[in-house]
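Reading through the structure tokens given below for one structure.
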Amino acid sequence: MTKARILSGVQPTGNLHLGNYLGAIKNWVDFQQDFESYFCVVDLHAITVPHDPKTLAQDTKTIAALYLACGIDLEYSTIFVQSHVHAHSELAWLLNCITPLNWLERMIQYKEKARKQGDNVSVGLLDYPVLMAADILLYDADKVPVGEDQKQHLELTRDIVIRINDRFGTPEQPTIFKMPEPLILKEGARVMSLSDGTSKMSKSDPLENSRINLLDPPEVILQKIKKTKTDSIKGLTFDDPDRPECHNLLTLYGLLSKQSKENVARECENIGWGQFKPLLSEAVITSLTPIQQSYQKLMNEPDYLQKVLSQGQEKATEVAERTLTRVQDALGFLKP
Ligand code: TYM
């Protein structure tokens, strides 16, 4: 029996943080054995805001190495770099010509990022969700494991599928694209900032203390957790709308120490922050240390990483080219 497919990706911008790990990569690792999985480093997405050409290639390698260090297993999964598979940008163009502009103007992430960019908003930033749709549809992905913030982009992808299948499907071939489903888990899908429990942990937050990066050394993690925003109430509880920081930190603790919400609620109901912070620090450091060790090892073997990415490119290209040809045929292009 053939396995259902997964596709997902992370942008090589800055360091990966606990939100990226718990919202996405950890789930990729947990699900990978049950699927045929494709994980790309989405470098074409990273240039939709001003970027530094001196660091892009190195950042791309860092993310690929982190995928492996977090536990992506090449027996089940393919790791590749988005720009190494040309079909991504080519399919994005075809989809561009079918996607209404006002669908893109509605995207929340676009509006937020555009506000930050001021006068410097690129066409690429607006078009970003179409490129994301191309990433997903090229692999006929059944499931797309992501954090909550990507949900609207996946809905757009689904709308594009409906539109194309409606317009270009024929009685012989009614579906050009397979309909992908988001895979968003309840816990970890929206990890919040350590400085403000009402905003998302984000790579672009100017406050470094607002996030824990996967490669932060233990002393930095201890410092960041010491400084994290809390409140003055003793007894820690989930789901209190007046205590968003408390909910976030308990959730992080539960996910990283692999304990159920009920266990964490029981353990923490009578303790204060002074007792809780060392517990959380230990859970974070214990989870990240093996990832950091494995990452260092991989970065000392550049030939290995190179080989992984080149095999990934080959495998991904084969699948992606087949889909691209199918779409070109459906749209009526002259064969070369
Ligand atoms: P990116 O690089 O911003 O984030 C990568 C993944 O991390 C998740 N994430 C979070 N999850 C929980 N809490 C947070 N605070 C948090 N911050 C980020 C994101 O939801 C994402 O899953 N457009 C995508 C990359 C992309 C993609 C794709 C994903 C491009 N093509 C195709 C899936 C399929 C992005 O910018 O993710």
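Where a number appears in this text, it was derived from the coordinates with a stated rule and is not lab data. Here the structure is a predicted model, which means the values were calculated and not measured. A quick note on method: Cβ atoms are made from the backbone with ideal geometry, for glycine too, and the neighbour counts reach across all protein chains shown.
Remarks
- Annotation for residue 96 and residue 203: the two label points, set 7 Å from Cα along the Cα-Cβ direction, are 2.2 nm apart.
- Rounded if a/c under 1.5, otherwise prolate or oblate - segment 34-145, Cα gyration tensor axes: oblate
- For the chain, built as a Gaussian network whose Cα springs stay under 10 Å, the top-fluctuating residue of 114, 64, 92: 114
- Estimated distance in nm for a label pair at residue 219 and residue 303, the labels positioned 7 Å out from Cα along Cα-to-Cβ: 3.6 nm
- With the cut-off at under 20 Å, measuring from each backbone N in segment 57-71 to a point 7 Å along the Cα-to-Cβ line of residue 310 picks out 57-66, 68.
- Only lysine pairs 8 or more places apart or on separate chains count here, and in segment 188-268 those with Cα atoms under 19 Å apart total 8.
- Estimated at 0.36 nm per residue, the fully extended path between residue 260 and residue 226 surpasses their Cα-Cα distance by 9.8 nm.
- Between segment 56-103 and segment 232-309, the Cα center-to-center distance that results, in Å: 28 Å
- In the chain, the DSSP-assigned H stretches of four residues or longer account for a calculated mean residue ellipticity at 222 nm of -16500 deg cm²/dmol, using -39500 (n - 2.57) per stretch and the full residue count as denominator.
- Spin-label pair residue 122-residue 75: with each label point 7 Å from Cα along the Cα-Cβ axis, the two points sit 4.0 nm from one another.
- Once the chain from residue 105 to residue 294 is taken as fully extended at 0.36 nm per residue, the excess over their C-alpha distance is 63.9 nm.
- Percent antiparallel among DSSP beta bridges (both partners in the chain, rounded to 5): 10 percent
- Segment 110-126 versus segment 206-229: alpha-carbon centroid distance in Å: 28 Å
- Segment 65-203: C-alpha gyration tensor shape, a/c 1.5 cut-off, then a/b vs b/c: oblate
- Qualifying chymotrypsin sites (Phe, Trp or Tyr not before Pro) for segment 227-336 [loop in DSSP, other Cβ within 10 Å: at most 11]: 333
- Each listed q (0.18, 0.20 Å⁻¹) maps to a log10 I(q)/I(0) for segment 172-313 from the Debye sum over equal C-alpha point scatterers, namely -1.06, -1.23.
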